[in-house]
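Some notes on the structure that comes next.
The values are calculated or read from the model by the stated rules, or taken from the named source; none is laboratory data. These figures come from a predicted structure and were not determined experimentally. When we count neighbours, we look across all protein chains shown, and the Cβ atoms used for this are built from the backbone with ideal geometry, even at glycine.
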Amino acid sequence: MIRRILIPAGLLVLLVVGAFAAVIAFSAPTAPPVLAAGNTIPGIAQWNFAELPKPQSVKARDGAPINYRLYPGRPDRVVVLVHGSSGTDASMLKLAQALQAVGASVYAISLRGHGGSGTANGDVSYIGQLDDDLADLVKGLGLDKAGVHRTLVGFSSGGGLVLRIAGGKQAGLFDDYLAISPFIAQDSPTNKPNAGGWAGVAVPRVMALTLVNSVGLSWFQDLPAIHFATDAKASNSRTPVYSFRLAASLQLGRDWRAVLERIAAPTEIVVGANDQLFNADQFKPMLQTINPRVGVTIVPNETHLGMIADPPATTAIAAAWRKLAGD
C-alpha cells in the first residue's frame, strides 16, 4: 500500500522538478527592439572623449579589478558615481564634470560586469557582490579617512543600487545618497512595463530562480535574465545582457518597500519630468507614503538619458549634491 502511494508521489516530484528545470534552462531573455530612449545619450556624438581622465583600477577582495576614472576636486568632498544599465563610467562624463565643477572629487566607476571590471561581462560571482565591491573601493582608495564626506550617486539601475545600499546593511559606507531616475522595482508605481521597452526580461526564468534563491540555493544564477533594447555587442564599452545574479545585485528586491522605509541617511532622488522609462510623477507620492525623509526633485522637460547629458539636468543634480554635502 505504502509502495503504491510512494511511486506515484515520486514520479510527480520528478515531473515537477523536470518542468522547473526546463523553465530555467529554456526561458532565455530575447532582445527587444532597439530603444533610443535607453540606448543613445543625447548629444553624445559631440562629446570630446579626450576629456575623459585616464582609467585606473582598485582590487576587490577576490583580486578582480574595479575600474574608475577620477575627476579631482576637494579631497574632503567625495562622490562615487555609478552608471546606468548596459553602460560604463565613460557614459557619466558630463555629469562627472558638472559635479567636479562645484567642488566634488568624483570617482566614476564601472561596476563589476561592465567596462572591464570584474571577471566576466554581464555577470558577478554572487548576489550582493556589488555591495562588497563598493566597500572594497572605499577602503582601497582610502576614502574612509576621517573628515571625508562621501556621497554615493547613481543613475537608472545605478540609482537603484544607490537606494539598495542606503536601505541595506552597508548604509554606513556613505554619508548621504543621490539617486538619479532610479529603477525601483517591476511592481513599483514608478515603473513603466518592462521599463518602457528597455528591458527584455525572461520572466519565467527569473521567477523560478527567485524561488530557488529564496530557499538558499544559488543554482544557475549565472544564466542570462535580462536583454536590454540595444544592438550593442558585449564589450568593455557595453553590457547588453545581465545574468540573474547581476540583475539581483543591482535591485532592491521583492521587499523594496521595506528597503526604502529603512533609509535613514540624507537621500535625494532627481528625475526628469519626461522620463520614457519611468513614471516621474509617481516618485513623490510613493515616497511620501513609504519614507517622506527621501526628497524628490522633478527636472522639467528632461528625458531619461537627458539627465546625465543636458546642462539643466546636470546642474540640478549638482545642486542636489551640494545640498546634501552642506556646501
Residue satisfying all of: in region 104-116; crowded, with 23+ Cβ neighbours inside 10 Å, small (Gly, Ala, Ser) and in contact with a strand residue (DSSP E or B) (Cβ under 7 Å, 6 or more places away or on another chain); nearest to Asp175 (Cα to Cα) among these: Ala104
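Condition (residue is touching a residue at least 60 places away in the same chain (Cβ under 8 Å), in contact with a helix residue (DSSP H, G or I) (Cβ under 8 Å, 6 or more places away or on another chain) and under 24 Å from Thr267 (Cβ atoms)) applied to region 137-149: is it met by at least one residue? Give the derivation first.
Pass one, region 137-149, residues touching a residue at least 60 places away in the same chain (Cβ under 8 Å): 137, 140-141, 143, 147-149.
Among the residues that remain, those that are also in contact with a helix residue (DSSP H, G or I) (Cβ under 8 Å, 6 or more places away or on another chain) are: 143, 149.
Next, from what is left, pick out any that are under 24 Å from Thr267 (Cβ atoms): 143, 149.
There is at least one residue in region 137-149 that is touching a residue at least 60 places away in the same chain (Cβ under 8 Å), in contact with a helix residue (DSSP H, G or I) (Cβ under 8 Å, 6 or more places away or on another chain) and under 24 Å from Thr267 (Cβ atoms).
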Close pairs from region 183-196: first under 15 Å from Met307 (Cβ atoms) and in contact (Cβ under 8 Å) with a residue 40 or more places away in the chain, partner among the aliphatic types (A, V, I, L, M) and in a loop (DSSP other than H, G, I, E, B), Cβ under 7 Å, at least 6 apart: Thr190/Ile184; Ala195/Leu277; Gly196/Leu277
Breaking point among (1) among the small types (Gly, Ala, Ser); (2) touching a Gly at 6+ places or on another chain (Cβ under 9 Å); (3) within 19 Å of Trp47 (Cα to Cα); (4) crowded, with 22+ Cβ neighbours inside 10 Å, for Ala101: (4)
Residues of region 64-115 that turn out to be over 15 Å from Leu246 (Cβ atoms) and polar (S, T, N, Q), as a count: 5
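Just checking, which of Leu161, Leu260, Leu246 is over 27 Å from Lys94 (Cα atoms), assigned to a helix (DSSP H, G or I) and either in contact (Cβ under 8 Å) with a residue 40 or more places away in the chain or under 13 Å from the mean Cα position of the chain (by Cα) (or both)?
Values: Leu161 fails: over 27 Å from Lys94 (Cα atoms); Leu246 fails: over 27 Å from Lys94 (Cα atoms).
Testing whether each residue is over 27 Å from Lys94 (Cα atoms), assigned to a helix (DSSP H, G or I) and either in contact (Cβ under 8 Å) with a residue 40 or more places away in the chain or under 13 Å from the mean Cα position of the chain (by Cα) (or both) leaves just Leu260.
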Output for region 212-236, where each listed residue is surrounded by fewer than 16 Cβ atoms within 10 Å (Cβ to Cβ), of a type outside the set (A, V, I, L, M) and part of a loop (DSSP other than H, G, I, E, B): Gly216, Ser218, Trp219, Asp231, Lys233, Ser235, Asn236
Single residue of Ser125, Ser117 found to be hydroxyl-bearing (Ser, Thr, Tyr), in contact (Cβ under 8 Å) with a residue 40 or more places away in the chain and over 15 Å from Arg238 (Cα atoms): Ser125
Single residue of region 35-51 satisfying the filter (of a type in the set (Val, Ile, Thr) and assigned to a loop (DSSP other than H, G, I, E, B)) that is surrounded by the most Cβ atoms within 10 Å (Cβ to Cβ): Ile41
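Go through region 50-66 and give me each residue that's among the polar types (S, T, N, Q) and over 20 Å from the mean Cα position of the chain (by Cα).
Step one: filter region 50-66 for residues among the polar types (S, T, N, Q), giving 56-57.
If the condition is that a residue be among the polar types (S, T, N, Q) and over 20 Å from the mean Cα position of the chain (by Cα), then Gln56 is the only one that fits.
From Ala120, Ala208, Ala195, Ala179, which residue is part of a loop (DSSP other than H, G, I, E, B) and either surrounded by fewer than 22 Cβ atoms within 10 Å (Cβ to Cβ) or in contact with a Ser or Thr (Cβ under 9 Å, 6 or more places away or on another chain) (or both)?
Values: Ala208 fails: part of a loop (DSSP other than H, G, I, E, B); Ala195 fails: part of a loop (DSSP other than H, G, I, E, B); Ala179 fails: part of a loop (DSSP other than H, G, I, E, B).
Selected residue: Ala120, the only one of Ala120, Ala208, Ala195, Ala179 that is part of a loop (DSSP other than H, G, I, E, B) and either surrounded by fewer than 22 Cβ atoms within 10 Å (Cβ to Cβ) or in contact with a Ser or Thr (Cβ under 9 Å, 6 or more places away or on another chain) (or both).
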Residue in region 286-304 that is assigned to a loop (DSSP other than H, G, I, E, B), of a type in the set (Ser, Thr, Tyr) and surrounded by 15 or more Cβ atoms within 10 Å (Cβ to Cβ) present: yes
Test: residue in region 267-274 that is surrounded by fewer than 20 Cβ atoms within 10 Å (Cβ to Cβ) and touching a residue at least 60 places away in the same chain (Cβ under 8 Å): no
Cβ pairs under 6 Å, 6+ apart, first in region 96-107 and closer than 16 Å to Phe49 by Cα, second buried (at least 17 other Cβ atoms within 10 Å of the Cβ) and aromatic (Phe, Trp, Tyr): Ala96/Tyr71
Selection count, region 164-176, where residues are out of contact with any helix residue (DSSP H, G or I) (no Cβ under 7 Å at 6 or more places or on another chain) and in a helix (DSSP H, G or I): 2
Every residue from region 52-87 that is of a type in the set (D, E, K, R), surrounded by fewer than 18 Cβ atoms within 10 Å (Cβ to Cβ) and assigned to a strand (DSSP E or B): Lys59, Arg74, Asp76
Qualifying residue in region 154-166 (condition: surrounded by fewer than 19 Cβ atoms within 10 Å (Cβ to Cβ), in contact with a Pro (Cβ under 9 Å, 6 or more places away or on another chain) and at pLDDT 95 or above): no
